[in-house]
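All remarks here apply to the structure that follows.
The values are calculated or read from the model by the stated rules, or taken from the named source; none is laboratory data. Predicted, not measured: the structure shown is a model, and the values here were computed from it. Every residue, glycine among them, receives a Cβ derived from its backbone with ideal geometry; neighbour counts consider all protein chains shown.
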């Protein structure tokens, strides 16, 4: 499997992975029309590298709100990367950094500003879906489940802080659930010792969502070129020269929207500033009515636990279970069935009646971790190269908001000072110390996380 820390290109025209999303979306009949491969030299105002959520959102908002018809360059297929491989959770999440940690570091005003941006991200997604994107949206609700009794107190404290701090969170929109309430009203998860439930999270088909964004972007005037990997970016002062296999694209401004799929040594602006981490997902065979009853699986709400090495799951519309967690450390090991089998084994500890259940789909994708556990939307000093990266596994909703903010930066629109001064927008991604050893650090954290989750 392509590994961004080792490979200098994700390939050209590589097919989608054999995921549940790809099969369910019916690629043959429903994949969106693109503008094909770049097969001649082009001279454009804005080139966007990557046709995932960030790049497509940026292209859409540039066209709609600023009258700029960008060209999106995608190495493979639309949403071939993590945009088409994730679990499809729409959450008001801030990445790995908690809101309480933000308050400690930057104060409550900044924390509220970041929260408002995350809320805006969810609303942007909902608004675009409302324009006719068919992406299998499920019933709203997000359960954060305590994986051991001591974690329930932390969840309750978190809920109280959010209700106190964020005016938009009312008692009716966030509730504390006991172990029995979780197991009787939602699902009989034997690893659940209580939960907090938010009203506003939901699940969908992430690949279909990205396809919808592409249709909207092209309808607004943007061009989307698939099978067009950018092999090199050359700074020529007045413009950037992007080298693709069949043509050179000269652009006044360039947006790097490759996130966890950014190739090794791609650009000095992003080098050593991210850690791509594999997330593994399985989808089971459909559960029978008897199996659903034995597990009391009443909900299709999205579920995530409190482990350092998180597990997450939801019941899909056809009664399959999607279950995800960490995958291999390197791309070389990504397809080892051990990681899918491990997820299935954990699933069965939550739901013992599913002892004979098998999985039918297994795939993985690179999420993009930042050293400070926060996404960053940034530009170089010349303001001709821009990026948004580091969603830390929570990019399905915020990446669309990031694309919208990128469009504002590219169009040189004056952004409200309260927003512009948030750490999301005014700071570059920090470099990883001892960057060549990032994978060693990841291995160490995985082992620490396992000990922490079981014993601490």
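Quick grid of which residues meet (1) under 22 Å from residue 299 (Cα atoms); (2) in the same structural domain as residue 303 (by TED's automatic domain parsing):
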residue	(1), (2)
117	no, no
120	no, no
143	yes, yes
148	yes, yes
152	yes, yes
161	no, yes
Residues that are within 22 Å of residue 400 (Cα to Cα) and under 20 Å from the mean Cα position of the chain (by Cα): find the strands (runs of 3 or more DSSP E) completely inside the stretch 129-221 holding 1 or more of those.
142-145, 195-198
Considering only the stretch 415-422, I want to know if a residue exists there that is outside any helix (DSSP H, G or I), under 23 Å from the mean Cα position of the chain (by Cα) and buried (at least 18 other Cβ atoms within 10 Å of the Cβ).
yes
Criterion (assigned to a loop (DSSP other than H, G, I, E, B) and surrounded by fewer than 18 Cβ atoms within 10 Å (Cβ to Cβ)) met by exactly one of 454, 412
412
Right, residue 269: in contact (Cβ under 8 Å) with a residue 40 or more places away in the chain, within 27 Å of residue 5 (Cβ to Cβ) and surrounded by 21 or more Cβ atoms within 10 Å (Cβ to Cβ) or not?
no
Kindly check whether there is at least one residue in the stretch 389-404 that is more than 21 Å from residue 430 (Cα to Cα), in contact with a helix residue (DSSP H, G or I) (Cβ under 7 Å, 6 or more places away or on another chain), touching a residue at least 24 places away in the same chain (Cβ under 8 Å) and in a strand (DSSP E or B).
no
Taking residue 429 as the residue in question, decide whether it is at pLDDT 95 or above, buried (at least 18 other Cβ atoms within 10 Å of the Cβ) and assigned to a loop (DSSP other than H, G, I, E, B).
yes
Go through (1) surrounded by fewer than 21 Cβ atoms within 10 Å (Cβ to Cβ); (2) under 30 Å from residue 218 (Cβ atoms); (3) in contact with a strand residue (DSSP E or B) (Cβ under 7 Å, 6 or more places away or on another chain) one by one and return the number of the condition residue 129 breaks.
(3)
For the stretch 348-377, what are the residues that are over 13 Å from the mean Cα position of the chain (by Cα) and buried (at least 22 other Cβ atoms within 10 Å of the Cβ)?
350, 351, 363, 376, 377
Strands (runs of 3 or more DSSP E) contained entirely in the stretch 230-301, each with at least 2 residues that are outside the structural domain of residue 439 (by TED's automatic domain parsing):
275-284
